[in-house]
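Right, one structure below, let's go through it.
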Amino acid sequence: LVGAQDANETGLPVVAIEGSGSIKQAVDALTGRGVFEEIEPPGGFNGTLRPYQRRGMSWLAFLKRYGLGACLADDMGLGKTIQLIAFLLHENGGGRKRAAAPTLVVCPMSVAGNWQREIKRFAPAMRVLVHHGPERLSGARFARTAARHDVVITTYALAHRDEQDIAAVDWEHIVLDEAQNIKNAATKQSQSVRRLRAGHRIAMTGTPV
């Protein structure tokens, strides 16, 4: 980080960011000095991505490559769910290989069924577990079953109520749909979600946060 010489009580202002190698590539792509590579829609994806959806999928893959979390904030109705499904398929070779660990999708109850339907429609090879309802699994049985699936879908309410069970799983990705639900860091569900472990985190929202 390169700062101006006249620092004041507000701190040293950053006027440039410099790096080399892979860091330089990431900085150039993030700041617009370079163009990140757009990837092809993955095999196993049962649909057609619009140009901006393909770019969104590629952006998610680019950030994951550099260990950076993502916020996918397209307006409502522009297909954030589809972009995320395509990204997950890209991650596991178009469904030809198992991910190192499952992906957890946390969403409002009102859209949990839509997530299940969209994955079945666009990525029928992906195995999906819905963690909800009085018959939902718990303890070691939940952890074993989750590990045999590609995606586990649950709700914000259960992320708090079943935190002990959900936290026992090491997730590859944690995806927060309608992520404005955790904008208040003081709520119990926000605190529970933040405590969950994952290799990569993605927030999705069509609402300004």
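Some notes on this structure:
- Sequence-distant lysines (8 or more away, or on other chains) whose Cα lies within less than 27 Å of K120: K64, K80, K97
- In the context of the full set of protein chains, residues of the range 117-208 present 51 Å² of accessible surface per residue (probe radius 1.4 Å, heavy atoms only).
- Under the Karplus curve 6.51 cos²θ - 1.76 cosθ + 1.60, θ = phi - 60°, whole-Hz ³J(HN,Hα) for the range 143-160, x wherever Gly or Pro sits: 4, 5, 5, 4, 5, 8, 10, 7, 9, 10, 10, 9, 10, 4, 4, 6, 4, 8
- Within the range 40-119, the trypsin sites (Lys or Arg not before Pro) that combine a DSSP coil assignment with at most 14 other C-beta atoms in a 10 angstrom radius are R96, K97, R98.
- Applying 0.36 nm per residue to the separation of L137 and L68 and subtracting their alpha-carbon distance, the gain on full extension is 21.7 nm.
- P(r) weight above 12 Å for the range 129-171, C-alpha pairs, percent: 56 percent
- Close amide H pairs (under 5 Å, H built 1.01 Å from N) link V152 with T103, L104, V105, L129, residues at least 5 positions away or on another chain.
- Highest-first arrangement of 81-87, 139-145, 200-206, 106-112, where packing means the average Cβ count within 10 Å: 81-87, 200-206, 106-112, 139-145
- A full extension of the chain between Q164 and A186 corresponds to an added length of 6.0 nm, given 0.36 nm per residue minus the alpha carbon distance.
The values are calculated or read from the model by the stated rules, or taken from the named source; none is laboratory data. Just so it is clear, the model here is predicted, and its values are computed rather than measured. FYI the Cβ positions are ideal-geometry reconstructions off the backbone, even for glycines, and counts take in every protein chain you see. For the accessible areas, the whole protein counts, side chains as well, though only heavy atoms, and no ligand, DNA or RNA atoms are used. Shrake-Rupley method; radii C 1.70, N 1.55, O 1.52, S 1.80 Å.
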